[in-house]
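Written out below as structure tokens is the structure these notes cover.
Coordinate-derived values only; no laboratory data. Predicted model only: the values in this text are computed from it and were never measured. Note that each Cβ is placed from the backbone with ideal geometry, even for glycine, and that neighbours are counted across all protein chains shown.
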Amino acid sequence: MSEAPDLSEAEAFAAEHALGVLDARERAEAETRMAKEPAFAADVEAWRHRLAPMLDAIEPVPAPQGVWTRIEAMLPANDNSAVMNKLRFWRNSAVGGFALAAASLAGVVVQVTQPPVVVQTPAPAPGQLLNASLTATSGQPQPLFVAAYDPDRKALIITSLLPAGADRDKVNQLWLIAGQDKPKSLGLIEPGKAKIIALPLEVMAKMSVGAKLAVSIEPEGGSKSPDGPSGPVIGLGELSRL
Amino acid sequence: MIQRSPSCDTTIGTALATAATTPEILSSLMTRIASGEREALRQLYQATSSKLFGVCLRILSDREESEDVLQDVFVTIWRRADRFDVTRASVMTWLSTIARNRSIDRLRARGPLAYAGTIDGLEIPDGADSAETLLSAADDRNKLQGCLSELDDRTQTVIRTAFFEGVTYETLARNMDAPLGTVKSWIRRGLAKLKGCLQS
């Protein structure tokens, strides 16, 4: 192995960066190159991979109690990325009609081959007040809408905390995302106003802890997509017990 | 560095409670973290925090700072899990590398005093083969150890010191009382040999 060929200048630099011997200025240069040159970035990664087994030799040491609690406290307030992915999925599928058609077709095939399922009519849910705070999906997680579900009134009361009269040629549309269903529109809401939305029984059945409410920005008249929001989702929150 | 192991059908909960965490389980946790599942991050923490805390401590030799870095590492994982390519890299390598790099950043932030010590007598404790170590990971490690030990002592020492302490050429040269260009050529030659040996 004494006759190993020299590394190319670029690879030597990548290896030095992975090893950690570069000074601050050279490190910055290496980071810039990694961002611009995929081949250089791959060299650095390959060298990190080669050297990483040195870390395997280190004995594990149990982390002190309490570290996890602190990590949890540092995570963003709203754990919504799964729902955001889903909303994006419905938005994209509204555009990619073929994928949606294929998916529905697959659904049909599955249904045909499934044995018949005995549907049990769910007993009427006992009245349970639920509420949700819909926080901004980008920037600071500040509340943009608050919602309360009142089963006695068979209604959802939603209050927009946005300044009244903002963005006149756009509307805010409220969506319910329950289980695996596609987002269901609950209607349009006006900035700065409260609204009482009467809910049909089948929607009431879906108002449960963990279901999500979202608000998207849509052209006048609401989303043109039958499958969910067509515009950006600005607020998102989860129904929970008061 | 961690190869796929044939059996991984244990349930995640019990497997994580024991040390038998397979690469498959870690990969599936990463996918779930990328889609925003906190519970998956908690399970990853259970499975890997001791190892990563060990890495931080080895580099920083300070419990409080190591705790800070460990926190930072997991918040980073939470934010960047979507950038992790399950098909390309081993989860454990990725996590250990983040822990090592963050620790070294922290070490550097302490300022030049942190490098005042000499590098003589630097000992790398070689962790005993614990039962949980995957055979393939151990293979990678043994191969690297073998290749490192084929280098001359001085080159081995500078490479290990650089890796575990993130010291620059300049500091290495000062501590070893050798010209910077000389230290640089030791390391570059050493790395070239290492690559050749690992490939063979």
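Note on A:Lys170: aspartates and glutamates with a C-alpha under 13 Å away, same-chain residues under 8 apart excluded, are A:Glu190, A:Glu218, A:Glu220.
Please give the contour-minus-distance gain from A:Val209 to A:Leu161: 0.36 nm per residue of separation, less the Cα-Cα distance, rounded to one decimal in nm.
On the way: separation 48, 0.36 × 48 = 17.28 nm, distance 2.27 nm.
15.0 nm is the gain from fully extending A:Val209 to A:Leu161.
If the chain linking A:Ser138 and A:Arg25 were pulled fully straight, counting 0.36 nm for each residue of separation and taking away their Cα-Cα distance, it would gain 37.3 nm. Extension gain, A:Glu72 to A:Ala198, is 41.6 nm, computed as 0.36 nm per intervening residue step minus the present C-alpha separation. Of the GluC sites (Glu not before Pro) found in region A:187-242, those that fall in a DSSP loop while having at most 12 other beta-carbon atoms within 10 Å are A:Glu220.
Here the label points at A:Glu190 and A:Gln65, each 7 Å from Cα along the C-beta direction, are separated by 5.6 nm in the simple model.
Pop the C-beta distance of B:Arg174 and A:Thr32 into the FRET formula with R0 = 30 Å and round what comes out to the nearest 0.05. Could you put the intermediate results ahead of the total?
On the way: r = 27 Å, r/R0 = 0.90.
The value I calculate is 0.65.
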